[in-house]
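Taken together, the values in this text are just the output of simple stated rules run on the coordinates, not laboratory data. Since this is a predicted model, take the numbers as computed values, not measurements. Neighbour counts are summed over all protein chains in view; Cβ atoms, including those assigned to glycine, are modelled from backbone coordinates with ideal geometry.
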Amino acid sequence: MRVGMVMGVVALLLGHLAGQETGQLTLNLMPGSAASRIVTGKLKGEWAAPNPTPVELDLRSSTYIVVNNILENSDAVILIQPQGLTVKGKVGGVPLEWTITPSGDLIAEWAGIRFDSSKLPDEQRSKWRKAFTASYELTITPQGRIKTAKMPEFPKDLPQWSEVPLVLRGVHPIVMGLLQMLWLPLLPTEPVKVGSQWQVEVPLTMLELDRLLSLPFSCRLAKLSWDEAIISVKAEHKGEVALSLKRLHPTDPKITVTRGQFSLAGEITFLVSMGVPQKAKWTHKGEISGTVAGGEGTDKPFTFRYEAELDDQLVF
C-alpha cells in the first residue's frame with residue numbers, strides 16, 4: 001500500500017510537470033546513501049609554447065560520494081573520495097600515462113621516464129596512498145548549490161615526489177580543472193515547467209585563491225518524459241584574468257592563466273522519483289593563454305586549445 005501511494009504521488013508530480021504546470025526539482029538525499037561517479041571521455045587539442053604540440057588524451061575519473069549528514073536547514077554534507085584517475089594518450093606523439101589507482105598508487109610515464117609508487121617501501125608507499133585517496137567535503141543545498149568546500153592539503157614532504165616527470169605534474173591540474181567544472185545537480189531554486197530557465201553559480205576549487213571564484217551556468221528544463229527530467233546546460237566565458245591553477249606541490253610548475261575563453265554544453269538526466277542526477281553528457285571547448293614558471297625562475301608563455309567530449313554517470 002505504501003509503495004502504491006508513493007508511486008501515485010510521483011505520477012501526480014510528473015503529470016503536473018508534463019502538463020506545463022510548475023513543479024520543484026530537488027535532491028532526495030539521506031544520511032548514509034552513496035554512489036560512484038564515473039567520468040570518461042576524450043580530449044584533443046594543441047599546446048603551443050611556442051611551437052605547436054598536438055595533444056590526444058583518454059580520461060577516466062572515479063569518485064565515491066557518501067551523504068555524511070543532513071543539517072537542520074536541509075543542507076547536505078557530502079564526502080567525496082577519489083577512487084582513481086587515468087590519463088593516457090600522446091603529447092607531441094610521445095606516449096603519456098598518469099594513473100592514480102583506486103588504492104592511491106601513482107604510475108606516471110613520459111618520454112622514457114617511469115615512476116611507480118607501488119614499488120616504494122611500505123612506509124613511503126602508505127604516504128602516497130593516503131595523499132591520493134584523501135576525501136574532501138562539500139556542503140550543498142537541496143538544489144545542489146555548493147555553499148562550502150573543504151579540500152584536503154596535499155603533503156609537502158611526499159617521498160620521491162621529485163622523481164615524477166615534470167610534464168605530468170603540469171598535466172594533472174589542467175585535467176582536474178576540466179573535470180571540476182562538471183557539476184551534476186544544477187537544479188532550480190524555484191518551481192519550474194518545461195521551458196523554464198535558471199542560472200547556477202558553480203565555484204571553482206582548482207585555483208590558488210583564498211576565496212571561492214564562481215562561474216555562471218545557464219540551465220533549462222528541456223524535456224520531461226515519465227521519470228526523467230532533461231536539463232540542458234550552457235556556460236561561456238571570455239576575458240583577461242590572472243589566475244593560477246592549484247598545484248599539488250610547491251615544486252610543481254606554476255601555470256597562470258592570463259587570457260581565456262571557453263564554452264561548455266551539457267545535458268543532465270535527472271531522475272525525479274529518486275531525486276538524483278543519473279547521467280550527463282558534456283562538450284567542452286576552449287582556448288587559454290598564460291605562462292608556465294620555469295625551473296630557472298623564468299616564465300614561459302603558452303597557448304592551449306582543446307575540445308573534450310565527456311560522459312558522466314552515477315552508479316548506485
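Taking the stretch 194-228 and a reference point 7 angstrom along Cα→Cβ of Ser273, the backbone N atoms nearer than 15 Å belong to 225-228. Length gained on full extension, Arg305 to Lys88: 76.3 nm, using 0.36 nm per residue less the C-alpha separation. Charging the Cβ of each Asp and Glu at -1 and of each Lys and Arg at +1, and nothing else, the dipole of the chain about its Cα centre rounds to 160 debye. Whole-Hz Karplus values for the stretch 163-168 come out as 7, 6, x, 4, 4, 5 Hz, taken residue by residue from phi with 6.51 cos²θ - 1.76 cosθ + 1.60 and θ = phi - 60°; glycine and proline positions read x. In the structure shown, the pairs Lys223/Lys285; Lys42/Lys147; Lys147/Lys234; Lys246/Lys285 are assessed against 27 Å; a Cα-Cα span above that value is assigned to Lys42/Lys147.
Between 0 and 90 degrees, the angle of helix 122-132 with respect to the longest Cα principal axis of the chain falls at about 50 degrees. Listed options for Cα extents along the principal axes in Å are (i) 73, 45, 39; (ii) 67, 44, 34; (iii) 96, 47, 34. The value calculated from this structure is the one marked (ii). Between Tyr136 and Asn28, full extension at 0.36 nm per residue minus the direct alpha carbon distance yields a gain of 36.8 nm.
Here the stretch 80-156 is described by how far its Cα atoms reach on the three principal axes: 48, 35, 21 Å, from widest to narrowest. In percent, rounded to a whole number, the relative contact order of the stretch 153-305 is 18, using alpha-carbon pairs under 8 Å and six or more apart.
Determine the relative contact order of the chain: mean sequence separation of Cα pairs under 8 Å and six or more apart, normalised by residue count, in whole percent.
It comes to 18 percent, rounded to a whole number.
Calculated on the Cα set of the stretch 107-218, radius of gyration then Dmax: 18.8, 58 Å. Arranged from fewest to most other beta-carbon atoms within 10 Å of their beta carbon, Asp227, Asp58 become Asp58, Asp227.
Among the listed pairs Lys88/Lys300; Lys127/Lys238; Lys254/Lys279, which are separated by more than 30 Å between their Cα atoms?
On the way: Lys88/Lys300 25 Å; Lys127/Lys238 40 Å; Lys254/Lys279 34 Å.
Checking Cα-Cα distances, Lys127/Lys238; Lys254/Lys279 exceed 30 Å.
Of the residues Asp252, Asp75, the one with the fewest other Cβ atoms within 10 Å heads the list, and the complete ranking is Asp75, Asp252. Across the options Ser118, Ala149, Thr133, the greatest Cα extent toward the positive end of the charge dipole of the stretch 104-159 (unit charges at beta carbon of Lys, Arg, Asp, Glu) belongs to Ala149. Projecting label points 7 angstrom from Cα along Cα→Cβ for Asp122 and Lys147 puts them 4.4 nm apart. Neighbour counting of Cβ atoms within 10 Å sorts the residues Thr99, Thr148, fewest neighbours leading, into Thr148, Thr99.
Placing dummy labels 7 Å off each Cα toward the beta-carbon, the span from Lys285 to Asn51 is 2.9 nm.
For the chain, the longest principal axis of the Cα atoms and the long axis of helix 2-18 meet at an angle of about 80 degrees. Each part gets one Cα centre, and for the stretch 213-250 versus the stretch 151-202 those centres are 11 Å apart. With the charge dipole of the chain set up from +1 on Lys and Arg Cβ and -1 on Asp and Glu Cβ about the Cα centre, the Cα lying farthest toward the positive end among the listed residues Phe304, Ile231, Gln180 is that of Ile231.
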